Amino acid sequence: MTLRLGVLISGRGSNLQALIDACEAPDYPASIALVVSNRSDAAGLDRAEQAGLKTTVVDHRDFGDAQAFAREIDTRLREANVQLVCLAGFMRIIANEFVDAWADRLINIHPSLLPAFPGLKVHERALAAGVRISGCTVHFVRPEVDSGPIILQSAVPVLPKDTPDTLAARILTKEHQCYPNAVRLIAEGRVKIDGDRTVIDDEKGYLTAADCP
Ligand code: GAR
């Protein structure tokens, strides 16, 4: 039995693709049960369909408020027997009711080393702050935006000639490794939440392997 994932997207879906690719390995302990997009034109939907995955669109504009929108997503995830929800470039703030209902079964990837630079315009702000290192974070979701117990992070250098786009691209390659690795750790039952942080049973050396996280 593999852990059934629900992946929520809004656009390009390259992190979704990384999860699709990971799930194709025979020994990967998770599978994608449903891809949900809030936009019908999200390129990630094509990736999901190409991979033969079940997709559904829940357009936020069809709902009077954020709670009703989140309730519909919740219904579709439950209908698909989803066990872990992965936000992958899902660009809507999700109602607290949903975050509470899926507490400890809802994770997100963010393109900075949280708690630095939560929110939007992440790379612009990292460059403006003159940081020398940035990266990505996979974390459990809590109601405050881009907060919650950190599962994995991966760092990249910030180079003198970086623009927001070059920095984003360097971080994105790390995101594509980190997200499947974090899901694997959870699916293998190696991630325990301890208050505001997680403790990882790293018997297999994922955290110390040269190319990982
Ligand atoms: C990724 O860089 C992801 O970290 C970011 O959006 C991009 C989605 O790309 N997410 C956030 O900023 C959420 N706070 P993708 O659609 O190609 O996976």
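Here the Debye sum runs over all C-alpha atoms of the range 101-192 as equal scatterers in vacuum, and log10 of I(q)/I(0) at q = 0.16 Å⁻¹ comes out as -0.62. Between residue 161 and residue 100, the simple spin-label model (points 7 angstrom out along Cα→Cβ) gives 5.2 nm. Counting neighbouring Cβ atoms within 10 Å and putting the fewest first, the residues 1, 91 line up as 1, 91. Put one equal scatterer on each alpha carbon of the range 38-99, apply the Debye formula with no solvent term, and list log10 I(q)/I(0) at q = 0.15, 0.16, 0.21 1/Å to two decimals. Per q value, in the given order, log10 I(q)/I(0) is -0.48, -0.54, -0.95.
Expected output is a single nm value to one decimal: the length gained when fully extending between residue 92 and residue 76, i.e. 0.36 nm times separation in residues minus the C-alpha distance. What is it? Write down the numbers at each step before the final one.
Values: separation 16, 0.36 × 16 = 5.76 nm, distance 1.69 nm.
Once the chain is fully extended between residue 92 and residue 76, it gains 4.1 nm.
Please give me the summed charge of the neighbours of residue 72: other residues whose Cβ is under 10 Å from its Cβ, Lys and Arg +1, Asp and Glu -1. Once all neighbours under 10 Å are counted, the net charge is -1. Looking at the range 7-115, none of the chymotrypsin sites (Phe, Trp or Tyr not before Pro) sits in a DSSP loop with at most 14 other Cβ atoms within 10 Å of its own Cβ.
Just want the ordering: 107, 9, from fewest to most Cβ atoms lying within 10 Å of their own Cβ.
On the way: 107 24, 9 27.
Fewest to most other Cβ atoms nearby, the residues stand as 107, 9.
Its residue count N fixes a reference of 2.2 N^0.38 Å for the chain, and the Cα radius of gyration divided by that reference is 0.98. The lysines within cross-link reach of residue 121, meaning a Cα-to-Cα straight distance under 28 Å and a gap of 8 or more places when in the same chain, are 161, 174. Counting neighbouring beta carbons within 10 Å and listing from fewest to most, the residues 185, 84 come out as 84, 185.
Helical runs assigned H by DSSP (4 residues or longer) give the chain a calculated mean residue ellipticity at 222 nm of -10500 deg cm²/dmol, each run adding -39500 (n - 2.57) before division by the residue total.
Read-outs throughout are calculated quantities, based only on the coordinates presented, and are distinct from any laboratory measurement. These numbers come from a predicted model, not from an experiment. Here the Cβ is made from the backbone with ideal geometry for all residues, glycine too, and neighbour counts use every protein chain on show.
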